[in-house]
Amino acid sequence: ASVSVWTRELVVLVGIALLINFTSSGRGSLLILYITNRFHECTEGCISLIFTLLSLSFGVSSLLYLPVAIRVMGTERTMMVGLVFSSACLVCYCTATSLDLIFVTFILEVPALAIQSCLTALFTEAVPKDRVGFATGILTATRTFTQVVAPVFFCRDSY
């Protein structure tokens, strides 16, 4: 592939990565604030349980769901399914009437947590083999940038 073809594809992927990572970082920042404000009974133990469930969901996503999903649907479709499930999780969090429903929603997080792995795969597939480090470096830079900017942007009234 010529330089201009993979460069254009990489620019498009950077735009997609910025949007996905910005919303993901903002969502992560707001989730704990939202849950603790909506459910006053959610204290330190509850927050610990939330992070434990999120970590468990990530492990199941990475080790069980992702290999099967990519084999069956491919990387792009797996990422699209993850984006749909991510949206479904937001709806579930916003409409939950109890903490139990919040905890159950972490099951829906399993496909949603595959988005970042799929994004990494798309970045590495978009460039020649000798440019994979460059592509993953750009992705890491966009993730780092959004992880710094998004929480400040989304939670600016909380500081």
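Below, the figures for the structure above:
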read-out	value
The chain: angle of helix 115-125 to the longest principal axis, Cα-based, in degrees nearest 10	10 degrees
With every protein chain in place, the chain: carbon and sulfur % of accessible area (1.4 Å)	70 percent
Degrees, to the nearest 10: 99-112 long Cα axis against longest axis of the chain	10 degrees
P(r), alpha carbons of the range 95-153 - 10 Å bins starting at zero, rounded %	19, 30, 31, 15, 5, 0
Length gained when the stretch Ser98-Leu54 is fully extended (0.36 nm per residue, less Cα-Cα span)	14.1 nm
Helix 44-60 vs. the chain, principal-axis angle (Cα, 0 to 90°, nearest 10)	30 degrees
Mean accessible surface per residue for the range 25-159, computed with a 1.4 Å probe while every protein chain stays in place, in Å²	57 Å²
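The values are calculated or read from the model by the stated rules, or taken from the named source; none is laboratory data. Please read all numbers here as calculations on a predicted model, not as lab measurements. In case anyone asks, the SASA skips ligands and DNA or RNA and just uses the protein heavy atoms, side chains included. Shrake-Rupley method; radii C 1.70, N 1.55, O 1.52, S 1.80 Å.
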